[in-house]
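The structure appears right after this line, and notes come after that.
The values are calculated or read from the model by the stated rules, or taken from the named source; none is laboratory data. No experiment lies behind these values; they were computed from the predicted model shown. As a convention, Cβ positions derive from the backbone with ideal geometry for all residues, glycine included, and neighbour counts pool all protein chains shown. The area values use the complete protein model at the heavy-atom level, side chains included, leaving out ligands, DNA and RNA. Shrake-Rupley method; radii C 1.70, N 1.55, O 1.52, S 1.80 Å.
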Amino acid sequence: MDRDLNRLVHELTERAPAELDLTNGRHLDLATSAAETLFGEASSHDELANLEATLFEGDRQLPLLVHLAVKLAHSKRLVSRLVEPARLSVVFAMYKENKRILEPEAHPHGEDFLRRKVAQLEWLFEGSSHIAWRIFAVDDGCPEASGRIAREIIDRSGLEERSEVLFLEEAIRRGEPVTRPLERTSESQKGGSIQLGMWQAARQREANHVVLFTDADLSTHLGQAGLLMFPILVEGSDAAIGSRREPTSVAIKKGKRNVRGKLFIYLWKRLLPELNHVVDTQCGFKAFRADVARRIVVDTLEKKFAFDIELLLRTELARPGSIVKVPIAWIDSEAASTTTDLEPYLPMLRSIVGFYRHYLPANPNSDTFAAFIEGLDDDSWHRLVDSIPPEIAAADPAHFGDHAPITASDLRAILAKG
C-alpha cells in the first residue's frame with residue numbers, strides 16, 4: 001500500500017467514531033471528507049482497489065467509517081473514468097418514513113434522508129458536469145403522508161431540479177401499465193412503488209442511462225453509486241447489485257436478522273438455481289440499464305418485498321451472466337425500520353415459489369422445497385427460525401447454491417420434534 005494512503009487510513013482510524021450513527025451529520029460529513037482526501041491522494045483506480053483489499057488482511061478491525069470512506073473514494077474514482085455523457089436516476093419508496101425524513105433535531109430517528117441523498121450525489125458528481133442525475137421518491141400509499149412531507153422539503157430546500165415525488169395511488173388511478181394488477185396501494189409493499197419509480201425514470205430514453213433503486217434510509221451511502229454505474233456503462237453488464245456478503249463487503253446487521261437471512265437464502269436457492277451466483281438479493285442498492293429496467297418492471301407477478309428477486313430473475317433469464325455483484329459498505333437502520341416488525345421472509349418465500357412455477361421448468365428437488373414452503377404457517381416458520389440447523393446457521397451463504405446438506409425432509413423432521 002502507498003505510504004501516504006497508509007498514513008491517511010491510520011489518521012482516519014484514530015479520528016473515526018466506534019459506530020456510525022446515521023442520524024449524526026458530523027459522522028457522515030467526516031466519511032465524505034476522508035473519501036475526498038483519499039480520492040485526491042490515490043493516483044489510480046487500482047491503487048484504491050489495492051488499498052481496499054489490505055483493509056481485510058489478517059484480523060484488522062477498522063471502524064465502519066474507514067471502510068465507507070475507501071468505498072466512496074473508489075466510487076468517485078470510477079465516476080471520473082466515465083467520459084461519455086450519462087444519466088443516473090435514483091428511486092426509493094416511502095412508507096411511514098415521516099420520522100426518518102425529518103432532521104435529527106425534529107425527531108430522535110430523523111436522518112434528513114432526502115436532503116442528504118441529494119448532498120451525497122452532489123459530492124459524487126462534483127466535477128462531472130457531463131453526468132446528469134435525478135431522484136424519484138415514491139409514496140407507497142403512506143398513511144402518514146410521507147410523500148407530502150417530501151414535497152414540502154423539496155419546495156423549502158429548492159431541490160425541484162434534482163428530485164421529484166411520485167404517488168403510487170395516483171398512478172393506479174390513472175391506470176399506468178406498470179401498476180397492474182394493483183387496484184389499491186395496500187396491495188403493494190415497496191415493490192409497486194419501486195417499479196413505478198423505475199418505469200417513470202426509464203421513460204427518459206437516452207444513451208448511458210442507469211436506473212438505480214435504494215432504500216429510503218441512509219443505510220447505503222449514495223456516494224457508492226459509481227461502483228454500480230461503472231460495470232453497466234463500461235463493462236457491459238445489464239445490472240449491478242450491491243452485496244453485503246462479498247469478501248470486501250462491510251455490513252453491520254443487528255439482532256436475529258442475519259441468521260434468518262441465511263435460512264431465507266438457503267431456501268430460495270433451492271427454487272431458483274439460475275440465480276445461484278447471487279447471494280444478497282435483498283440489499284437495497286441495485287442498478288439496471290434503463291432499457292432493461294423498462295422491460296423488467298412491466299407485467300410482474302410481485303409488488304411486495306420479493307420484487308427484487310423477480311427483477312433479477314427476469315434480467316438473468318433474458319441474458320444469462322449479465323448481473324454483476326458489487327461489495328458495498330452498509331449499516332442497518334433498524335431504529336425506525338418499516339420492515340423489521342413485518343418479518344416478510346415467509347411471504348417472500350411463497351412469492352418465490354410462484355416465480356419458480358411461472359418462469360422455470362419443473363425440477364423434482366425444487367418441487368419438494370416448494371411444497372415444504374407452501375405448508376408453512378407463521379407458527380411453524382417461527383419454530384423453524386428458532387431451530388435453524390448449524391449446517392445453515394454457521395455456513396457461508398455463498399456456498400448454498402452448490403451445496404445442499406439439509407433436505408426438505410430434514411426441515412420437516414425439525415418441525416416435527418418441536
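Here are the numbers for the structure shown:
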item	result
Neighbourhood charge, 13 Å Cβ-Cβ cut-off, centred on Asp379 and excluding it, Lys, Arg +1 and Asp, Glu -1	-3
Size of charge dipole - segment 177-234 - debye, nearest 20, with Cβ of Lys, Arg +1 and Asp, Glu -1, no other charges	200 debye
Tail fraction, Cα-Cα pairs, segment 264-409, threshold 24 Å, whole percent	33 percent
DSSP bridge orientation in the chain - percent antiparallel, rounded to nearest 5	25 percent
Efficiency of FRET between Ser128 and Glu391 - r from beta-carbon atoms, R0 45 angstrom, step 0.05	0.40
Tail weight of P(r) past 23 Å, computed on alpha-carbon pairs of segment 72-195, percent	40 percent
Cα→Cβ-extended label distance, 7 Å offset, between Val234 and Val259, nm	4.2 nm
The chain: proportion of alpha-carbon pairs further apart than 38 angstrom, %	19 percent
Whole-angstrom gap from segment 168-218 to segment 46-101, using each part's C-alpha centre	25 Å
Value of relative contact order over the chain, rounded to a whole percent, pairs C-alpha under 8 Å and six or more apart	16 percent
Label-to-label distance, nm, for residues given as Asp379 and Glu343 (7 Å Cα→Cβ offset)	1.4 nm
Potential lengthening between Arg295 and Asn363 on full extension [0.36 nm per residue; Cα-Cα distance subtracted]	21.8 nm
Whole-percent pair-distance distribution, where bins are 10 Å wide, for the alpha carbons of segment 1-97	14, 42, 30, 13, 1
Gain on full stretching of the segment that runs from Arg184 to His10 - 0.36 nm per residue minus C-alpha separation	57.3 nm
Surface per residue (accessible, 1.4 Å probe) for segment 160-294, Å²	34 Å²
When each of Lys76/Lys96; Lys286/Lys417; Lys71/Lys99; Lys96/Lys417; Lys71/Lys303; Lys190/Lys325 is checked by Cα-Cα distance, pairs over 30 Å	Lys76/Lys96; Lys286/Lys417; Lys96/Lys417; Lys71/Lys303
Mean ellipticity per residue at 222 nm, deg cm²/dmol - from DSSP H runs of n ≥ 4 across the chain, formula -39500 (n - 2.57)	-14000 deg cm²/dmol
